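Heads up, the thing below is written out as structure tokens.
The values are calculated or read from the model by the stated rules, or taken from the named source; none is laboratory data. As the structure is a computational prediction, the values presented were derived from the model and not from experiment. Heads up, the Cβs are rebuilt from the backbone with ideal geometry, glycines too, and the neighbour counts pull from every protein chain shown.
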Amino acid sequence: MPTFSAKASEVQRQWWVIDAADQVLGRVAAKAANLLRGKEKPIFTSHVDTGDFVIVRGAAAPGEGEESGRGLTPTQPQHDTPEMQYPDMKPRGFLRSLAAALIIGSPVAAPGQDNPDTGIDTDDDIIEFSPFTVEGTEDTGYLATSTLAGTRIRTSLRDIGSSISVLTEEFINDVGATDSQSLLSYATNYEVGGSNGNFIGAGVSARGTPDETGNFFNPSSNTRVRGLVSADNTRDYFRTNVTWDSYNVSRIDLLRGANGLLFGLGSPGGVINASTDQANLNSNEGTAEFVVDQFGTIRGSVNYNHVILEDELAVRVAVLRDNREFRQDPAYQDTTREYAAFRYKPRFLNPSWTSVIFTGSLEHGDATSNRPRFSPPRRLADTILWTRHNQPDHVAS
């Protein structure tokens, strides 16, 4: 059985072990570490052998543990043996003890061990992620590990039974995608209309001819998932008819099927969610983009994040100018969009035991277009003749 070791001459330390297999306890480990602060900040790390979460608080002064009732002395005699072995403690009642610790701030103590060299700077504050937000800055390359899809709280992708694909910002940039029509052709089990798509998605008019009117008004809805129906479009998991654009989007979550852990509301085709760029308190950063193509398209965008008050207030602005031309004449699409977001974390509302953050965003846009037609051409004379031939009196005769 894996053990922790401590030299007999070392002073006692308080430590807690959280079973890594328990996802619920794993998520509250960071919060528990914050609440268990003593004279020294706790160390929050993982055991190298078992992968369990370990919280270690600084050593108490000699004799302090006996007076306070929090310290326990080793049960093995301290002879000339250079080391003593303490079993890896995983008490069945840990959840109950943790709940009591969070309420009254008096955790149950356990035999300690020598603090291993974990390589963690104990002077740094513990970094916590909000359980209600997932941002593209957390992704690494093409790899995303968590999502809000299906549960509406931060959940590891490996723990969700739904079929979910995440297209990260780096992937979107590498394929040169700017909207659904240029991105979803790379997605699994998705069909999308448009000049870069793989199907028309047209309806049928009263005369039995292809009708693309709906696609002209809302091209982002011209999709089909698993050969069924179109998916719902959401923006930060709020349903929307606004077409997303990569100038202010950090990732796209594709959920095939209803947006729920077991079941949910919405289209059976699923959900296409665009996560917008949010202001961050980490650093000043920005990007600029300029694109041209062989048809005469000119596209430019700027996205910039600025920290106004360190660790307290930041704003982000993004601007897009897109004059798109197509091979089909006289099709065009001119778009102008402006976006702004802020994040405010007031110090006076953020003591060590809680976190209060205000966020918000606003976007304005204007678009004029004559989008390309993808159904085959037809003659008006053929339509008139077809209509007359299929009149009830003609058929009856």
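Note on segment 291-338: among residues that are among the acidic types (Asp, Glu), over 27 Å from the mean Cα position of the chain (by Cα) and loosely packed, with under 14 Cβ neighbours inside 10 Å, the one that is nearest to TRP244 (Cα to Cα) is ASP293.
Number of residues in segment 185-217 that are at pLDDT 75 or above and either in contact with a helix residue (DSSP H, G or I) (Cβ under 9 Å, 6 or more places away or on another chain) or in a loop (DSSP other than H, G, I, E, B) (or both) equals 8. The set of residues in segment 241-255 that are farther than 11 Å from THR178 by Cβ and touching a helix residue (DSSP H, G or I) at 6+ places or on another chain (Cβ under 9 Å) comprises ASN241, VAL242, SER250, ARG251, ILE252, LEU254. Of all residue pairs spaced 6 or more apart or on separate chains, those with beta-carbon atoms under 7 Å, a first member in segment 350-379 that is over 19 Å from TRP244 (Cβ atoms) and at pLDDT below 90 and a second member that is surrounded by 11 or more Cβ atoms within 10 Å (Cβ to Cβ) and among the hydroxyl-bearing types (Ser, Thr, Tyr) are ASN370/TYR332; PRO372/SER195; ARG378/THR209.
Only one residue in SER301, SER267 is without any contact (Cβ under 8 Å) to a residue 60 or more places away in the chain and not in a strand (DSSP E or B), so which one is that?
That would be SER267, the only listed residue that is without any contact (Cβ under 8 Å) to a residue 60 or more places away in the chain and not in a strand (DSSP E or B).
Being without any contact (Cβ under 8 Å) to a residue 40 or more places away in the chain and over 11 Å from the mean Cα position of the chain (by Cα) holds for only one residue in ASP159, ASP179, ASP174, and it is ASP174.
This table checks each residue for (1) under 24 Å from GLY161 (Cα atoms); (2) surrounded by fewer than 16 Cβ atoms within 10 Å (Cβ to Cβ); (3) over 16 Å from the mean Cα position of the chain (by Cα).
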site: GLU212; (1), (2), (3): no, no, yes
site: ASN218; (1), (2), (3): no, yes, yes
site: ARG226; (1), (2), (3): yes, no, yes
site: SER230; (1), (2), (3): yes, no, yes
site: ARG235; (1), (2), (3): yes, no, no
site: PHE238; (1), (2), (3): yes, yes, no
site: VAL242; (1), (2), (3): no, yes, yes
site: TYR247; (1), (2), (3): no, no, yes
site: ARG256; (1), (2), (3): yes, no, yes
